[in-house]
Every structure is written in C-alpha cells, then in structure tokens.
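Engineer: Handing you a structure now.
The values are calculated or read from the model by the stated rules, or taken from the named source; none is laboratory data. For clarity, every value in this text was computed on a predicted model and none was experimentally measured. Please note: Cβ atoms are built from the backbone with ideal geometry, for glycine as well, and neighbour counts cover all protein chains shown.
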Ligand SMILES: Cc1cc2nc3c(=O)[nH]c(=O)nc-3n(C[C@H](O)[C@H](O)[C@H](O)COP(=O)(O)OP(=O)(O)OC[C@H]3O[C@@H](n4cnc5c(N)ncnc54)[C@H](O)[C@@H]3O)c2cc1C
C-alpha cells in the first residue's frame, strides 16, 4: 500500500520540489526564506546528498573523494525546517496535482521540477553498455577505481578513450593525466603502451568558449601526451574498441562518455509541453505554459520568452538564479502580485586541466594558470558554506551529529 507523505492534516499550501541539486536545493531554501511558515515545503530526491557536480572530475584523479563534495540533504533541509523525502519520483499527475514516487504520493499546490539531465548516448550502438558514465560523484569514483586497476599491470597495453571535448571531457582528460602521473608513469607513458585519446565530434574543443580558450586547451593537452581527434564521431562501441564514423577502429581498454546530455524519462513523460529536444518548456516566469502550478528550474528546462527560445548553456549558476526567480514568483502568486521574468546573466567559467592548470573565460576574456584550479576550489567551498549559513542554520550547528560535523569541517577547507 502506498504512503501519503502529505499526511492527514493537509496545510493550506504544499510546495513540492523534485531534485536536491543546484536548482532544487536553492529553490527549497529560498522558498523557506520568502514564504510564511504555514506553507509546507517538501524536497524529494532519490539520493541522500547534494553534490557539487562541477568538481566530480577531481574524484577521477583521487584528489578528492566523492563524499568530500557532498553534503547530506536530510541535515541541511531538516535544520532549515524543510521536509526531505529520499525517494525516486516516477511521474507527475498535473490534473490531480500529485507527485508519484516509488513508495508514496505527494500532494502539491505548486511543484518545482529540478531533476537535472542524464548522459546522452545519441543511440550509438554499444555506447551505453561499454562506457563509463560521467555525471555523478559515484560515476567518477567508479572511473577512479577501474582506471587504477588498469594501471597496475604495466605489461598491459592500455588505451583510455574520452568521448566528448566539452568542459567535462577536457576536465576529465586533465584528471586522468594526473592519475597516470600519480601512479609513476613518466612522460613516455610506459614506452607508448599507455594512450589517452579524446574524440570530439566538432572541430574545436570547448564549444561555445572563446577561440583562445579552445586553442589553449588543445595545445596544453597535446603537450601532456593526449591524442586529440576532432571532427570525428563515434559510430559504434564494442567491448574492446570504438569505431569512428570514418570506419577507423580504435582500440579501447576504457571509454569515459562525456558527450552530451538529454532529459530523463521523468521529463520526457511529463504531460506538459516540451521543446523539440524533449526539455520541459517554460515561460520566462519559469512555469509551464500549460499549467501555472508547475515550475521548472535548472538543466531540465527550455525557456521561451514571447514564444522565442532563450539560448542558454545548462550550468549550475543559471540553475541557482532560476531557483530564486521561481521562488519569488511562487511567493508573488500566493500574494496576488505580479511575477518577474528571468533573464540569464553571464558569469565567468572556470575549466581545470588537471591540478596544475586551468582556464578562466568571461565573455571574450581568457586567462590561464594554476590559480584557476584554486579559484574553482574556493567557489566549491563558498557554495557548500552558503548552505551552512542560510538563516536558521548557523545557530544550530551544535545539533549536527559529531561525525557529520567533522565531515562538513573537512569539506569546507579544501584549499
Ligand atoms: C562533469 C560536469 C562538470 C560541470 N561543470 C560545471 C561548471 O564548472 N560550472 C557550472 O556552472 N556548471 C557545471 N556543470 C553543470 C551543472 O552541474 C548543472 O548545470 C547543474 O548541476 C544543474 O542543476 P540541476 O539542479 O538542474 O540538476 P542537478 O544538479 O543534476 O540535480 C538534479 C537532482 O535531481 C535528482 N533526481 C533526478 N531524477 C530524480 C527522480 N526521478 N526522483 C528524485 N530525484 C531525482 C538527482 O538525484 C539530483 O540530486 C557541470 C556538469 C557536469 C556533469
């Protein structure tokens, strides 16, 4: 029998948030700040942790562990007075305003969907079966462990392939290099027995970045011994090789797939309008054009202002800005006030190429140096620290169990 999480004594307004990532957690805490205490706010996530995804590449080299970039949702939300349900959301019934999870049902007056994206294998035969995914700290830990095992046998010929040359592909290449060097391999990469190849469908790495950043990343990785194949798509993946669309076969001991994202089944099956690629269509007020009680933030949305799509890269800082606008608009709806429109703000992007080099890109400005890696760590620390200092949290740190408190202290001092 299913549980009704909302319980018998239903409060006047129930807000349910799906996903505790960048968009969802920020929405929950912003709503808590804005809405009266009588409003019941519930966040549901299938996992126990909020993860700082932009740092998962560091888990690949072993510079940090998965738990070092995660904070427990139950703790953060519990201390802020927000309910947390750890469960997988299966679907949304917009007509009866219910979120259906695997072991219960949540009633809502407003729902904010922020369940993120998943790897896109573009229907490439064998890709899903024979690749290592790279979307979560757990994926990165698996890569670290499997790559470590491969590297223990020096007699073995080993070919590591990275699919995709966007931010994720370039960053993971830098970390794989660090892991290889950390295992004592010299610049000759075990007399050529070990190869690292990055395969990218477009002509330039880091699409969307200024040319200077694209060229810098290419030259840096080439200099460190990475083979870069641009303008090449993977047409098929087999257990021990990848076949390019040119027909060329490339040996592969391990394939790390970073090539693109797509909406999950939950989003594809939502009974609401999507864009041509299956992302949830929202207005610039960030609600569905079909249903003003369904808001969307983060990677899952495609924003249309005056029925024209806004061009927007799917990034954590956009998800957090959208969370604030969606929260303000839910508050305005409840108070009968006008809602505000969202317009994206450009912010600097930081790309690391291993622990010794990084690229800072803001509009046309491109800078590089090891300091970018430190800056990225500082951003991570600030992000996690923010959730410890949100109203209602700071005075109650003494209530954090000892083990968790030590863990939080450790992850807040990554420099
Ligand atoms: C390797 C990598 C590096 C990146 N680097 C950067 C960077 O440097 N800067 C930057 O700005 N952005 C970066 N991004 C992008 C950024 O991580 C995303 O844009 C951001 O995480 C989107 O936030 P979100 O809330 O939409 O989704 P997410 O942060 O992915 O959160 C989604 C949450 O929903 C939960 N969930 C999903 N489905 C369900 C379900 N059915 N039921 C219950 N819960 C569910 C998940 O467990 C997860 O907690 C990077 C992404 C990757 C993969």
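Engineer: For the stretch 11-28: of the residues being near the ligand (Cβ under 6 Å from one of its atoms) and in a loop (DSSP other than H, G, I, E, B), which is nearest to residue 109 (Cα to Cα)?
Structural biologist: If we take residues in the stretch 11-28 being near the ligand (Cβ under 6 Å from one of its atoms) and in a loop (DSSP other than H, G, I, E, B), then 19 is nearest to residue 109 (Cα to Cα).
Engineer: Could you tell me whether residue 71 is surrounded by 18 or more Cβ atoms within 10 Å (Cβ to Cβ), assigned to a strand (DSSP E or B) and more than 15 Å from the ligand (Cβ to nearest atom)?
Structural biologist: no
Engineer: Do you know which residues across the stretch 275-293 are in contact with a helix residue (DSSP H, G or I) (Cβ under 6 Å, 6 or more places away or on another chain) and closer than 15 Å to residue 340 by Cα?
Structural biologist: 285, 286
Engineer: Here's something else I'd like to know. It is to be established whether one or more residues within the stretch 329-338 are within 18 Å of residue 56 (Cα to Cα) and part of a helix (DSSP H, G or I).
Structural biologist: Keep residues of the stretch 329-338 that are within 18 Å of residue 56 (Cα to Cα), which gives none.
No, the stretch 329-338 contains no residue that is within 18 Å of residue 56 (Cα to Cα) and part of a helix (DSSP H, G or I).
Engineer: Just checking, does the stretch 313-335 include any residue being away from the ligand (no atom under 15 Å from the Cβ), out of contact with any strand residue (DSSP E or B) (no Cβ under 9 Å at 6 or more places or on another chain) and in contact (Cβ under 8 Å) with a residue 24 or more places away in the chain?
Structural biologist: yes
Engineer: Have a look at 96, 115 and point out the one that is surrounded by 18 or more Cβ atoms within 10 Å (Cβ to Cβ) and assigned to a loop (DSSP other than H, G, I, E, B).
Structural biologist: Working: 96 fails: surrounded by 18 or more Cβ atoms within 10 Å (Cβ to Cβ).
115 is the lone residue from the list that is surrounded by 18 or more Cβ atoms within 10 Å (Cβ to Cβ) and assigned to a loop (DSSP other than H, G, I, E, B).
Engineer: So, residue 285, is that one within 16 Å of the ligand (Cβ to nearest atom), in a loop (DSSP other than H, G, I, E, B) and crowded, with 16+ Cβ neighbours inside 10 Å or not?
Structural biologist: no
Engineer: Let me ask another. Kindly provide the set of residues from the stretch 298-312 that are under 15 Å from residue 113 (Cα atoms) and in contact with a strand residue (DSSP E or B) (Cβ under 6 Å, 6 or more places away or on another chain), ordered by number.
Structural biologist: Matches in the stretch 298-312: 299, 300, 301, 302, 303.
Engineer: So which residues in the stretch 326-343 are within 18 Å of residue 25 (Cα to Cα) and touching a helix residue (DSSP H, G or I) at 6+ places or on another chain (Cβ under 9 Å)? Walk me through it before giving the result.
Structural biologist: Within the stretch 326-343, the first condition is being within 18 Å of residue 25 (Cα to Cα), and the residues that meet it are 326-331.
326, 327, 328, 330, 331, listed by residue number.
Engineer: Kindly check whether there is at least one residue in the stretch 171-187 that is at pLDDT below 95, touching a strand residue (DSSP E or B) at 6+ places or on another chain (Cβ under 7 Å) and in a loop (DSSP other than H, G, I, E, B).
Structural biologist: Scanning the stretch 171-187, I find at least one residue that is at pLDDT below 95, touching a strand residue (DSSP E or B) at 6+ places or on another chain (Cβ under 7 Å) and in a loop (DSSP other than H, G, I, E, B), so the answer is yes.
Engineer: Next up: Inspect all residues belonging to the stretch 29-45 and state whether any of them is within 13 Å of the ligand (Cβ to nearest atom), assigned to a loop (DSSP other than H, G, I, E, B), surrounded by fewer than 23 Cβ atoms within 10 Å (Cβ to Cβ) and at pLDDT 95 or above.
Structural biologist: No, the stretch 29-45 has no match at all.
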